[in-house]
Amino acid sequence: MKIYLDNNATTKVDERVVEAMKPYFSKLYGNPNSLHQFGRETHPGIKKAIDQVYSAINANDNDDIIFTSCATESNNWIIKSVWLDLIKNGNKNHIITTEVEHPSVLSTYKFLESQGVKVTYLPVNREGFVTAEAVKNAITEETVLISIMLANNETGVIFPIKEITEIAHEKGILVHTDAVQAVGKIPVDVQDLGVDFLSMSAHKFHGPKGIGALFIKENIKISPLFHGGSQMGGLRSGTLNVPYIVGMGEAIELAVKSLPKLNSEIRKLRDKLEDELLKISDTFVVGKRENRTPNTILISVRGVEGEGMLWDLDRRFGIAAATGSACASEDLEANPVLEAIGAEEDLAHTAIRLSLSRFTTADEVDYTIEKFKESVERLRAISSSYAKV
Ligand code: PLP
């Protein structure tokens, strides 16, 4: 058996996406900026992808959506541009974020702090949640940007971005949301959310790795991160990655079409898996189920080292899971969200994240339930700490 339950780290590329991309490698390979027919032949594919992305997040024609190389780039770009455009040249110097953002956001804020910017990192409660009230209370006269993810990568907890945006805009503060774990899992509507900037990444919704996008609301001007040949209206220079842009367009359209399946069939499978795993003694799941993306479970299993469990699931049973974000998985660090919610020291290393996708089957879930229980039993039997509990 080979079972993939690490879809928050990355997803399998949908075969239909691969097919849509193929012609753009060796047949329609022109540079879109070239005036000759080879260049022009790429335009319909690019136009289609742009339409697919705009429509998937309900952007309007005057908004900008700029393709990037990944969401790490989108996050870096928007945060550093706010710093360059509004903080260095203005009189406000404060940004609000949370303790549980992805490293591509947190590390960028750490860099800004080294440059003298004041950053508030809001803590999360026991449910891994940040209230709009907490955000409101953190606002000062100097706040220029609020930057909070739409859904958390570890827990799937969904943050109240619409409410936060309403509060922010009353005070003239811009809002950025990292929607990487939300797009393709829950409906994402930029007009309804009201956000000024939104980051996304194709490989989280069955598109290729190496392509993401940044949404910028109409009438907001930000500095480019890359200067060069003036592609993408001068906002992001560099020859367009046509096959990947086409792939992202196809992937996001398919992901939005699959939302009903994810939110019914896959949600039911996730709930079954969660219910069964919670029958194991001394376990808890972070986040209220109704306020999480439909595919994610972050479970803590007392007395079982997450890394050991991961090894057991993978090497003995062929089940791929995770203990923390993939970028940090070589560090053997405690799960950042369990630390942030204030879990006791002995629990911080016990987190296992299981994340399903639209391709997960009922048989895979049944097998995982059986093997997970078997693994916990075995690891607890050899754990010196669990016996003492
Ligand atoms: N933001 C969140 C919430 C993520 O989960 C990830 C990837 O795990 C990223 C940003 C970075 O995305 P990318 O791999 O496209 O750089």
Output for region 112-128, where each listed residue is in contact (Cβ under 8 Å) with a residue 12 or more places away in the chain and open to solvent by 50 Å² or more (accessible area, probe 1.4 Å):
Gln115, Lys118, Pro123, Asn125, Arg126, Glu127
Working only within region 10-45, note down all residues that are among the aliphatic types (A, V, I, L, M) and either open to solvent by 20 Å² or more (accessible area, probe 1.4 Å) or on the phi > 0 side of the Ramachandran plot (or both).
Val13, Val18, Ala20, Leu28, Leu35
Condition first: within 16 Å of the ligand (Cβ to nearest atom) and closer than 25 Å to Lys92 by Cα. Now tell me which residues in region 157-174 satisfy that.
Ile161
Taking interchain pairs and intrachain pairs at least six residues apart, which have beta carbon atoms under 9 angstrom, with the first residue in region 309-320 and open to solvent by 20 Å² or more (accessible area, probe 1.4 Å) and the second in a helix (DSSP H, G or I) and not acidic (Asp, Glu)?
Arg316/Lys371; Arg316/Ser375; Arg316/Arg378; Ala320/Leu310; Ala320/Leu313
State whether one or more residues within region 63-86 are modelled with pLDDT of 95 or more, away from the ligand (no atom under 16 Å from the Cβ) and touching a Gly at 6+ places or on another chain (Cβ under 9 Å).
yes
Exactly one of these conditions fails for Asp6: (1) more than 30 Å from Leu310 (Cβ to Cβ); (2) open to solvent by less than 50 Å² (accessible area, probe 1.4 Å); (3) within 16 Å of the ligand (Cβ to nearest atom). Give me its number.
(1)
Against the definition (assigned to a strand (DSSP E or B), open to solvent by less than 20 Å² (accessible area, probe 1.4 Å) and either of a type in the set (A, V, I, L, M) or within 20 Å of Asn7 (Cβ to Cβ) (or both)), how does Ile266 come out, yes or no?
no
So Leu254 passes all but one of these: (1) open to solvent by less than 10 Å² (accessible area, probe 1.4 Å); (2) in contact with a Lys or Arg (Cβ under 7 Å, 6 or more places away or on another chain). Which condition number does it fail?
(1)
Name the residue, out of Ile369, Ile299, Ile341, that is β-branched (Val, Ile, Thr), touching a strand residue (DSSP E or B) at 6+ places or on another chain (Cβ under 9 Å) and either at pLDDT 95 or above or under 27 Å from Ser107 (Cα atoms) (or both).
Ile299
Residue check for His203: within 12 Å of the ligand (Cβ to nearest atom), at pLDDT 95 or above and open to solvent by 10 Å² or more (accessible area, probe 1.4 Å)
yes
Those residues of region 347-373 which are assigned to a helix (DSSP H, G or I) and free of Cβ contacts under 8 Å to residues at least 24 places away in the same chain amount to Asp363, Asp366, Glu370
Suppose the filter is within 15 Å of the ligand (Cβ to nearest atom) and either within 15 Å of the chain's Cα centre (by Cα) or touching a residue at least 40 places away in the same chain (Cβ under 8 Å) (or both); does Glu154 pass it?
yes
It is to be established whether one or more residues within region 140-147 are within 16 Å of the ligand (Cβ to nearest atom), open to solvent by less than 10 Å² (accessible area, probe 1.4 Å), under 25 Å from Ile297 (Cβ atoms) and at pLDDT 95 or above.
no
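The values are calculated or read from the model by the stated rules, or taken from the named source; none is laboratory data. Here the structure is a predicted model, which is why all the values come from computation and not from measurement. FYI the Cβ positions are ideal-geometry reconstructions off the backbone, even for glycines, and counts take in every protein chain you see. All accessible areas refer to the heavy atoms of the entire protein, side chains included, with ligands and DNA or RNA removed. Shrake-Rupley method; radii C 1.70, N 1.55, O 1.52, S 1.80 Å.
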